[in-house]
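Written below as structure tokens is the structure these notes are about.
Please treat every number below as a calculation from the coordinates, not as lab data. Predicted model only: the values in this text are computed from it and were never measured. Every residue, glycine among them, receives a Cβ derived from its backbone with ideal geometry; neighbour counts consider all protein chains shown.
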Amino acid sequence: MFAHTALRQRCAKWLIATGLFLMLAACVEKPSTLERVKEDGVLRVVTRNSPATYFQDRNGETGFEYELVKRFADELGVELKIEAADNLDDLFTQLSQPSGPVLAAAGLVSSAQRKTQAQFSHPYLEVTPQVIYRNGRPRPTQPSGLVGKKIMVLKGSSHAEQLAELKKQYPALEYEESDAVEVVDLLRMVDEGQIDLTLVDSNELAMNQVYFSNVRVAFDLGEARDQRWAVAAGADTSLLDKANAFLDEAEKNGTLQRLKERYYGHVDVLGYVGAYTFAQHLQQRLPKYEKQFKATAKTEQVDWRLLAAIGYQESMWQPEVTSKTGVRGLMMLTQRTAQAMGVSNRLDPRQSIMGGAKYFMLVKDQLDDSIKEPDRTWFALAGYNVGSGHLEDARTLARREGLNPNKWLDVKKMLPRLAQKQWYSKTRYGYARGGEPVHFVANIRRYYDILTWVTQPQLEGQPADANLHQPGINKDQPAEQPAQR
Ligand code: BLG
């Protein structure tokens, strides 16, 4: 009887203690990932170091994933900290560690196997896996054509998973998975003939096509798939929910579209022929004028790659060209502009580059102070081509239409109207071929982006083409001042 009472008392004490403990536990419940991110003020993101995801250029950190995730961090009101994984396996391992990064933004595609390791966000980019071969070599057109070829893919990639799947059907299929390479290396190896084939996603190819003139698509392997961000597996969806809401909004407000255009639209804007031609001229022509572009850029305080991009748009880096309208030289100066800029011989590349740079800066300085970067640069380019007066007319038209006269996106819609009587008859400077500056600016932006990638900091001092076949990335370079773009 006595023992029984004692036991009851002990049980009661234990129950009270446990209850207290549970209550306490409820009070100090582990914060959610989102709460932790906000408390720390830092969003730690793991990614891959590659041109389609994240890399460093002269202006600092950049890349499609970087730009997207940076906007997400800004929205959360926290700092972004990027951590680069050595390879994809390493990326998922890092993500699953409690003290590791909280989000992976690395051009990832979800798969049954990966879903056991991570939770995936809503999609933001549709890509198609493509088999890549070298121009001039036999082109496989279907999966059976992969047998007997030297193939390499990234270790732990969705492409490796696809090949493993195919191997069940074609046991003779051989391929190597490497964790020592990135997509650019695979494309370079195909370009140089070191391997026969590789598999990359369509966006990676679109981004790199201009640097590897021999690579071609053999065929699409399978259906299009979606790229998604990933967070650690488990019950905590606090950050994932926020990320999903952010991605949905980015889709709706056009942010995603703009980023896709910027990073993967080279070939769309230039066309395949244009992209190859540019890659060739980068090697054959630019080296002759690079020093001059750099020297002038320094005196005129402008990014040399922007000057080089203007020069390519104007003359494809040929100093002796003359347009139908009598405009001449590497930077295509009119006689009047040349005179005003002190250029005595428009066909002299040194004088032409100097005159062009001075004129560009003059047009830019004359722009209204309310036009801010990067639009200011696009406006200055348009003014260089069509003249400041006509550009002002287009801004007036924008204002009348209720559009923003300080946004390039709005004013570029108005420029082509300067060629239509119903519109130009109501402007101060009248008729202009307003479609020309729109293409002019789009092309120069494209050339400028490509030049930015091929002239990375670690190759400072070497000609731009030196990087063409080795676009490696140097993570240790300090970021420089953002360019005035
Ligand atoms: C530009 C001038 C502007 C001038 C506009 O024409 O030339 N820019 C330069 O000389 C650098 O100064 O503005 S204005 O002075 O206010 O009138 C308008 O006249 C040159 C443009 C013309 C264009 N390329 C630089 O972009 C050109 O050559 N177009 C003709 C092409 S084609 O012959 O029809 O193929």
(Q) Viscosity 1.567 mPa s, temperature 4 °C: give me the Stokes-Einstein translational D for the chain in µm²/s, with Rh taken as the Kirkwood radius over C-alpha pairs. (A) 51
Q | Residue exposure sequence - Val386, Val273 - by fewest surrounding Cβ within 10 Å | A | Val273, Val386
Q) Between Lys168 and Asn135, what FRET efficiency follows from the Cβ-Cβ distance if R0 is 25 Å, with the result rounded to 0.05? A) 0.20
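Pairs of Cα atoms under 8 Å, at least six residues apart: use those to get the relative contact order of the chain, whole percent.
16
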Q.
Can you compute the modelled spin-label distance between Lys413 and Thr277, with each label point 7 Å from Cα toward Cβ, in nm?
A. 3.1
Q | Dipole of the chain, positive direction: furthest Cα of Gln119, Val37, Ala308, with charges on the beta-carbon | A | Ala308
Q: Give me the angle, in degrees from 0 to 90, between the Cα long axis of helix 286-300 and the longest principal axis of the Cα atoms of the chain, rounded to the nearest 10.
A: 90
Q.
Quick check: the angle from helix 304-315's long axis to the longest principal axis of the chain, C-alpha only, nearest 10 degrees?
A. 50
**Q.** Potential lengthening between Thr325 and Glu75 on full extension [0.36 nm per residue; Cα-Cα distance subtracted]
**A.** 85.0 nm
Q.
Quick check: the distance between the Cα centres of region 114-153 and region 312-385, to the nearest angstrom?
A. 44
**Q.** Relative contact order of region 231-369, pairs being alpha-carbon contacts under 8 Å that are 6 or more residues apart, as %
**A.** 15
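When a/c reaches 1.5 or more, the comparison of a/b and b/c decides; with that in mind, is region 102-257 rounded, prolate or oblate per its Cα gyration tensor? Each step should come with its number before you reach the end.
Values: a/c = 2.40, a/b = 1.67, b/c = 1.43.
Here region 102-257 falls in the prolate category.
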Q: Enumerate the amide H contacts of Leu333 below 5 Å, restricted to partners 5 or more residues apart or on another chain; note that Pro and chain-start residues carry no placed amide H.
A: Arg328
Q.
Report the gain in length on full extension from Asp179 to Gln422: 0.36 nm times residue separation, minus Cα-Cα distance, nm rounded to one decimal.
A. 81.3 nm
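For region 130-263, what's the relative contact order in percent, using C-alpha pairs closer than 8 Å and at least 6 residues apart?
Relative contact order for region 130-263 comes out at 33 percent.
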Q) Out of every Cα-Cα pair in region 284-391, what percent are more than 22 Å apart? A) 25
Q) Taking Cα atoms of region 334-435, Rg/Rh with Kirkwood Rh, to two decimals? A) 1.02
Q) Just going by the charge dipole of the chain, with Lys and Arg at +1 and Asp and Glu at -1 on Cβ, which of Val200, Pro437, Thr455 is farthest out on the positive end? A) Pro437
Q: Report, in debye and to the nearest 20, how large the dipole of the chain comes out about its Cα centre when Lys and Arg carry +1 and Asp and Glu carry -1 on their Cβ.
A: 1340
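So for each of 92-101, 445-454, 302-311 I average, over its residues, the number of other beta carbons within 10 Å; can you give me the resulting order with the highest mean first?
302-311, 445-454, 92-101
Let me make sure I get this right: for region 110-178, a, b and c are the square roots of the gyration tensor eigenvalues over alpha carbons, sorted descending. Under 1.5 in a/c it's rounded, otherwise prolate if a/b > b/c, else oblate. Which is it?
Note, shape of region 110-178 comes out prolate.
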Q. Around Gly355, with a cut-off of 13 angstrom between Cβ atoms, what is the net charge of the other residues, counting Lys and Arg +1 and Asp and Glu -1?
A. +2
Q.
About the Cα centre, and with charges only on the beta carbon of Lys, Arg (+1) and Asp, Glu (-1), how big is the dipole of region 125-231? Nearest 20 debye, please.
A. 380
Q. How would you rank Leu199, Leu125, Leu367, going from fewest to most other Cβ atoms within 10 Å of each one's own Cβ?
A. Leu367, Leu125, Leu199
Q. Put a dot 7 Å past each Cα toward the Cβ at Asp40 and Asp348; how far apart are the dots in nm?
A. 6.0
Q: Taking the Cα centre of region 33-189 as origin, sum charge times position over the Cβ atoms of Lys and Arg (+1) and Asp and Glu (-1), and report the length of that vector in debye to the nearest 20.
A: 740
Q | Per-residue HN-Hα couplings for region 30-40 [Karplus 6.51, -1.76, 1.60; θ = phi - 60°; Hz; x = Gly/Pro] | A | 4, x, 6, 4, 4, 4, 5, 4, 5, 5, 6
